[in-house]
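Engineer: Could you have a look at this structure, given as structure tokens, before my questions?
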């Protein structure tokens, strides 16, 4: 593992930036190589937005950014980048088409590289892949917090702070697509719908596509909200009293905003599938399957013309399916980026 080289002309600026910003940089893992954040001098200051306070090269083409975020109450969280060939930090002359990959509930920013073969996928060697932390159960939302808002504001962190940061010195372009699994599948659909024009296409694998579908769906997501001892009402409020907040985070209710971009929806039905151990079933996948069918039907009713569905029947809520579905959706996603040429 080697450190990313620092352009000589920028060395003095980097030293100055480090003295100002890395006063309390987090510890670097012993098995990883530290990398000087050469783009730190160009990134927005902490008073204006998020800032990179540490950088670690964890593997070939894999770089972790430790980012301090005002939207998260000043906390520092990590973002993993799978970098394209020829990528260098601080090189403002090149910007790559960008794929955001969102993790699921109880996952983190390392999930996609730990559980799938994306780091060995040749079609991604000309794409910057962004895998941000989103909390154990953050739900890609600015939490309601009983009407007070504030920390955590995951949506603001991702779509505003991190987006700007990555475009100032870390090689991201405005040419973006997004994909995710489970909670991250919902996040991909939410970000595409709630931020028109930010993403040119979206893919959701076993995503929560219509949490307001019925009482079972509502109760299940409330249980997720309560994960790690959290107050479930802090995320979107009460599903009845704050129904407008829930609907604003329900892809089914945002379908009009999704109908104009290419979409990929996939899900199993929760019964034992070809990639499962014998006898495995998943009530969660069965619920999400019904939700995805509802969203697909609504998109069809609205006249959406660029929706690909892969409702593959037997299959549970697991990584073997999500890796397969990522590969199945990549041609659509890369075509939207014009990165398939």
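The values are calculated or read from the model by the stated rules, or taken from the named source; none is laboratory data. What you see is a predicted model; the values in this text were computed from it and never measured. Note that each Cβ is placed from the backbone with ideal geometry, even for glycine, and that neighbours are counted across all protein chains shown.
Engineer: Quick one: residue 212 ticks every box in (1) surrounded by 17 or more Cβ atoms within 10 Å (Cβ to Cβ); (2) assigned to a loop (DSSP other than H, G, I, E, B); (3) touching a strand residue (DSSP E or B) at 6+ places or on another chain (Cβ under 9 Å); (4) at pLDDT 95 or above except a single one, so which number is it?
Structural biologist: Every condition holds for residue 212 apart from (3).
Engineer: Within the range 83-95, track down each residue that is under 18 Å from residue 60 (Cα atoms) and either under 19 Å from the mean Cα position of the chain (by Cα) or free of Cβ contacts under 8 Å to residues at least 24 places away in the same chain (or both).
Structural biologist: 83, 84, 86, listed by residue number.
Engineer: Okay, next question. Condition test on residue 217, is it over 21 Å from the mean Cα position of the chain (by Cα) and not in a loop (DSSP other than H, G, I, E, B)?
Structural biologist: yes
Engineer: Exactly one of these conditions fails for residue 306: (1) buried (at least 19 other Cβ atoms within 10 Å of the Cβ); (2) touching a strand residue (DSSP E or B) at 6+ places or on another chain (Cβ under 7 Å); (3) over 20 Å from residue 182 (Cβ atoms). Give me its number.
Structural biologist: So the condition that residue 306 fails would be (1).
Engineer: Given the residues 313, 279, 297, which is the only one that is more than 23 Å from the chain's Cα centre (by Cα), surrounded by fewer than 16 Cβ atoms within 10 Å (Cβ to Cβ), assigned to a helix (DSSP H, G or I) and without any contact (Cβ under 8 Å) to a residue 60 or more places away in the chain?
Structural biologist: 297
Engineer: I'd like to know if the range 233-241 contains one or more residues that are within 21 Å of residue 290 (Cβ to Cβ) and either within 21 Å of the chain's Cα centre (by Cα) or assigned to a helix (DSSP H, G or I) (or both).
Structural biologist: yes
Engineer: Residue 149 - would you say it is surrounded by fewer than 16 Cβ atoms within 10 Å (Cβ to Cβ) and either modelled with pLDDT under 95 or under 17 Å from residue 246 (Cα atoms) (or both)?
Structural biologist: Spelling it out, residue 149 is indeed surrounded by fewer than 16 Cβ atoms within 10 Å (Cβ to Cβ) and either modelled with pLDDT under 95 or under 17 Å from residue 246 (Cα atoms) (or both).
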